[in-house]
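Chemist: Handing you this structure, nothing more for now.
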Amino acid sequence: MAVYDAALGQQRMKILSAAIRAGYAWTVRHREPRAWREIMSMAGVVNALCPQQEILTPAEFVRSLSCPLGKLAPDVFDGDPLGQLTVLEWDELSDDVWSDGCTSVMELLQKGDRGRGWLPSWAWMRQEGVENEAFAGIREGANEHSYRARRRFVVEYPAGGAGEILDLCAEAGIDPPVQYVDLPADRVYGGRWWWACPKCRWPMRVDGHRVRCTYLYHQAHYTVRSEPLTGGRPQLLRRDSQVPRPPGARERRQQGPERTVCVDFAVWRFIVVPGVEELALYRRWYGKPLLDVTLWPGLDIYDLEFAVESLGWTLSIDLKDVASATALAEKVRQKPLAANTIVLPDHRGPGQKAELQKLLPGYTVWLVEDVNKEISKQLTRAKRQTK
């Protein structure tokens, strides 16, 4: 049986957090004078957390960030998926950080943390705090209907023209629920073009002729054709047949009402990415005879509720998508969930499901495919009852 070790879990997340903070500082060292102090401080944190290992200089610490974290602290990350995470790739934060690392970041220094003045909040604050910041505008003055409309809007329209976003908000009867920012430079090809991920619709990252969604599990990896085809718009080639069909290039506008904007990283990672999974599950079952489906009930007490009234059957679920079962277990122990069923995206697999179930025996842990099977079973029962 998996054993929950709170002290080891804390140590693991502190090392991860220090590594991510140092990695971010390294990427901005040429324009941020406080970056070197941050790197030295985080090297000190890691040395204090691993006293049995050889002392790392700041330069050695930075070099280690280009290797999996398991090499930095083998005993701490033994058997945990976070040990496979690499912080830096070609002197830039890796997709591992954006996909999984940021969900396990925690506060390290509390009072006197000089990084809070310039580091992005997701680099030093627990996910819950970042989520609360991101959700503030969505929740402000909302009733259940307006909350659902605002949150769904953010998931469905995380990028586009500024005027387009305003028009869509007007059609939905809401004000823009979150702040939209200019398209980051690393999302633009040739200074002019950008592509939205087919799954989450957020601008994909551009690295030379490679274009990919920052969230690895969306499997959106492409290569730009060497020669643009009709109309001069660059086109994408799929890496393989498992990758979604490539989206069309959109022109980046930098001024006026058509200025290209997108939600910032924290909103994308903590609202859009999980929202894609939640909405997919909602759309699959909404409107099915005999089944009631509620999305984000009670201003998000939990994510989804399914009910078959004729059977007296209900299922309330909270969907969670993180790399480490032990990190998730610690968060749930610190802040218990209202729903008794935790649902993991299918890409997390049966291994994480089994581990989390052992760590949290008071909850039922399922994959999305298990939810779909259970709902199908209950609907079959209900239909037989009506005959």
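The values are calculated or read from the model by the stated rules, or taken from the named source; none is laboratory data. The structure presented is a predicted model; accordingly, all values stated were derived computationally and were not measured. Heads up, the Cβs are rebuilt from the backbone with ideal geometry, glycines too, and the neighbour counts pull from every protein chain shown. With ligands, DNA and RNA removed, areas are computed over all heavy atoms of the protein, side chains included. Shrake-Rupley method; radii C 1.70, N 1.55, O 1.52, S 1.80 Å.
Chemist: What FRET efficiency do you get for Glu60 and Val181 if R0 is 35 Å and r is their Cβ-Cβ distance, rounded to the nearest 0.05?
Modeler: Working: r = 35 Å, r/R0 = 1.01.
FRET efficiency, Glu60 to Val181: 0.50.
Chemist: Further question on the same structure: How would region 108-202 be classified by its alpha-carbon gyration tensor: rounded, prolate or oblate, with rounded meaning a/c under 1.5 and the a/b versus b/c comparison settling the rest?
Modeler: Working: a/c = 2.48, a/b = 1.19, b/c = 2.07.
Oblate, since a/c reaches 1.5 and b/c is not below a/b.
Chemist: OK, next. Restricting attention to region 1-93, which GluC sites (Glu not before Pro) occupy a DSSP loop and are surrounded by at most 12 other Cβ atoms within 10 Å? The partial results should precede the final answer.
Modeler: Working: sites: Glu38, Glu54, Glu60, Glu89, Glu92; in loops: Glu54.
Qualifying residues, ordered by number: Glu54.
Chemist: Going through region 6-49, which trypsin sites (Lys or Arg not before Pro) have at most 11 other Cβ atoms within 10 Å and a DSSP loop state?
Modeler: Numbers: sites: Arg12, Lys14, Arg21, Arg29, Arg31, Arg34, Arg37; in loops: Arg29, Arg31, Arg34.
Loop-located and lightly packed - Arg31.
Chemist: Still on this structure: Work out the length of the dipole vector of region 77-210 about its Cα centre, built from +1 on the beta-carbon of each Lys and Arg and -1 on the beta-carbon of each Asp and Glu, and round it to the nearest 20 debye. Intermediate values should be presented prior to the final figure.
Modeler: On the way: 15 positive and 23 negative charges, 65 e Å.
That gives region 77-210 a dipole magnitude of about 320 debye.
Chemist: Using 7 Å Cα-to-Cβ label points, what is the Asn143/Arg192 separation (nm, one decimal)?
Modeler: Roughly 5.0 nm, to one decimal.
Chemist: Ok, one more. Going by average Cβ density within 10 Å per residue, which order do the peptides 112-122, 210-220 take, highest to lowest?
Modeler: On the way: 112-122: 15.2, 210-220: 21.3.
With the highest mean Cβ count within 10 Å placed first, the list reads 210-220, 112-122.
Chemist: With each run of n ≥ 4 DSSP H residues scored as -39500 (n - 2.57), what mean residue ellipticity at 222 nm is computed for the chain after dividing by its residue count and rounding to the nearest 500 deg cm²/dmol? Walk me through the intermediate numbers first.
Modeler: Numbers: 14 runs with 151 residues, N = 387.
Calculated mean residue ellipticity at 222 nm is -11500 deg cm²/dmol.
Chemist: I'd like the distance separating the alpha-carbon centroids of region 262-303 and region 156-224, in whole Å.
Modeler: 19
Chemist: Can you give me the distance in nm between label points at Ser310 and Glu32, each placed 7 Å from the Cα along the Cα-to-Cβ direction?
Modeler: 5.8
Chemist: Quick one: pull the percent of accessible area on region 227-379 belonging to carbon and sulfur, 1.4 Å probe, ligands and nucleic acids left out. Walk me through the numbers before you get to the answer.
Modeler: Numbers: 3340 of 7080 Å².
Ligands and nucleic acids excluded, carbon and sulfur reach 47 percent.
Chemist: If you take the square roots of the eigenvalues of the alpha-carbon gyration tensor of region 282-387 and sort them as a ≥ b ≥ c, do you get rounded (a/c under 1.5), prolate (a/b over b/c) or oblate?
Modeler: Details: a/c = 2.27, a/b = 1.81, b/c = 1.25.
Because a/c hits 1.5 or more and a/b exceeds b/c, region 282-387 counts as prolate.
Chemist: Taking a threshold of 25 Å on the Cα-Cα distance, which of the pairs Lys320/Lys383; Lys111/Lys358; Lys14/Lys199; Lys288/Lys331; Lys199/Lys358; Lys14/Lys331 fall above it?
Modeler: Values: Lys320/Lys383 31 Å; Lys111/Lys358 36 Å; Lys14/Lys199 32 Å; Lys288/Lys331 34 Å; Lys199/Lys358 32 Å; Lys14/Lys331 14 Å.
Too far apart for the 25 Å limit: Lys320/Lys383; Lys111/Lys358; Lys14/Lys199; Lys288/Lys331; Lys199/Lys358.
Chemist: Under a Cβ-Cβ cut-off of 14 Å, what is the net charge of the residues other than Pro74 that fall near it, where Lys and Arg count +1 and Asp and Glu count -1? Don't skip to the end; give the middle numbers.
Modeler: Details: positive: Arg12, Lys71; negative: Glu54, Asp75, Asp78, Asp80.
Its environment carries a net charge of -2.
Chemist: Something else now. How large is the accessible surface per residue of the chain, computed with a 1.4 Å probe and reported in Å² as a whole number? Provide the component values of the computation, followed by the final result.
Modeler: Working: 18360 Å² over 387 residues.
I get 47 Å² per residue for the chain.
Chemist: So what does Lys199 come to for accessible area, using a 1.4 Å probe and Å² rounded to 10?
Modeler: Accessible area, nearest 10 Å²: 90 Å².
Chemist: If you compute log10 I(q)/I(0) by the Debye sum over Cα atoms at q = 0.06, 0.08, 0.11 Å⁻¹ for the structure shown, which of (i) -0.26, -0.46, -0.88; (ii) -0.22, -0.40, -0.78; (iii) -0.30, -0.52, -0.95 do you land on?
Modeler: (i)
Chemist: Under a 5 Å amide H to amide H cut-off, with H placed in plane at 1.01 Å, what residues pair with Trp313 once short-range neighbours are removed?
Modeler: The list, which skips near neighbours in sequence, is Val308.
Chemist: Turning to a different aspect of this structure: Dipole of the chain, Cα-centred, from +1 at each Lys and Arg C-beta and -1 at each Asp and Glu C-beta, to the nearest 20 debye? Working shown, then result.
Modeler: Numbers: 51 positive and 49 negative charges, 142 e Å.
Its charge dipole is roughly 680 debye.
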